[in-house]
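Trainee: Below are the structure tokens for one structure; questions will follow.
The values are calculated or read from the model by the stated rules, or taken from the named source; none is laboratory data. Here the structure is a predicted model, which means the values were calculated and not measured. When we count neighbours, we look across all protein chains shown, and the Cβ atoms used for this are built from the backbone with ideal geometry, even at glycine.
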């Protein structure tokens, strides 16, 4: 049994970052694939399959207000993610862990933190290792579910669709434009420390 970990929601201006860890016999994850290469319907099907065959699944959700508080206390995004991945590793309790890497500095720090473990941290690990693909699926579906709740709440407030929550999404951009044209405050569930949010509030976008 090995462990894999990945995250979803690093870049959005709305909603949480979600970290997932899966411990399983990789041979049982025959259909797992990188979540970015699946439709939402397929991800949800795979989520159920992974949940059936995994020995353990661990999930950490860092909500927008938590992200803002951490950044206000001097933590950058990489530090926040390193801390979350370390928590997932400890919860999984596997001797061999595969992680989708954030870069060479991340790889060095996480291996130094757990010298007793076999840790493989590689870029695009979610495309190379089924155990990371499985974690990628779990993280993305969990974030999708959180965004569904946010979208429903914001639609009730404004009648508008919030979209995916990514600042490049046209629906998200239209929502932000409309909100800040009528309000001089941040909408719920937004990452206030994100530059796009601050720019909209200051009327620069």
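Trainee: Can you confirm whether residue 69 is touching a helix residue (DSSP H, G or I) at 6+ places or on another chain (Cβ under 9 Å) and either outside any helix (DSSP H, G or I) or without any contact (Cβ under 8 Å) to a residue 12 or more places away in the chain (or both)?
Mentor: No: the conditions fail for residue 69.
Trainee: Moving on. Select from region 28-50 the residues that are within 20 Å of residue 146 (Cβ to Cβ), touching a helix residue (DSSP H, G or I) at 6+ places or on another chain (Cβ under 8 Å) and assigned to a helix (DSSP H, G or I) and list them in ascending order.
Mentor: 35, 36, 40, 43, 44, 46, 47, 50
Trainee: For region 17-27, does any single residue satisfy the condition of being assigned by TED's automatic domain parsing to the domain that holds residue 103 and in a helix (DSSP H, G or I)?
Mentor: Yes; the residues of region 17-27 include at least one that is assigned by TED's automatic domain parsing to the domain that holds residue 103 and in a helix (DSSP H, G or I).
Trainee: Related question: Do you know which residues across region 11-25 are within 13 Å of residue 64 (Cβ to Cβ) and in contact with a strand residue (DSSP E or B) (Cβ under 7 Å, 6 or more places away or on another chain)?
Mentor: 13, 14, 16, 17, 18, listed by residue number.
Trainee: Filter region 174-191 down to the residues that are outside any loop (DSSP other than H, G, I, E, B) and without any contact (Cβ under 8 Å) to a residue 24 or more places away in the chain, then identify the one that is surrounded by the most Cβ atoms within 10 Å (Cβ to Cβ).
Mentor: From region 174-191, those outside any loop (DSSP other than H, G, I, E, B) are 174-182, 190; that's our starting set.
Within this subset, residues satisfying the condition of being without any contact (Cβ under 8 Å) to a residue 24 or more places away in the chain are 174-175, 178-182.
Details: 174: 14, 175: 24, 178: 14, 179: 20, 180: 19, 181: 9, 182: 8.
Among residues in region 174-191 that are outside any loop (DSSP other than H, G, I, E, B) and without any contact (Cβ under 8 Å) to a residue 24 or more places away in the chain, the one surrounded by the most Cβ atoms within 10 Å (Cβ to Cβ) is 175.
Trainee: So if I check each of 127, 169, 100, which one is within 20 Å of the chain's Cα centre (by Cα) and more than 30 Å from residue 23 (Cα to Cα)?
Mentor: 169
Trainee: Quick one: count up the residues across region 124-138 that are out of contact with any helix residue (DSSP H, G or I) (no Cβ under 7 Å at 6 or more places or on another chain) and in a helix (DSSP H, G or I).
Mentor: The first filter runs over region 124-138 and keeps only residues out of contact with any helix residue (DSSP H, G or I) (no Cβ under 7 Å at 6 or more places or on another chain), leaving 124, 127-129, 135.
Okay, now just the ones that are also in a helix (DSSP H, G or I), so 127-128, 135.
Matching residues across region 124-138 total 3.
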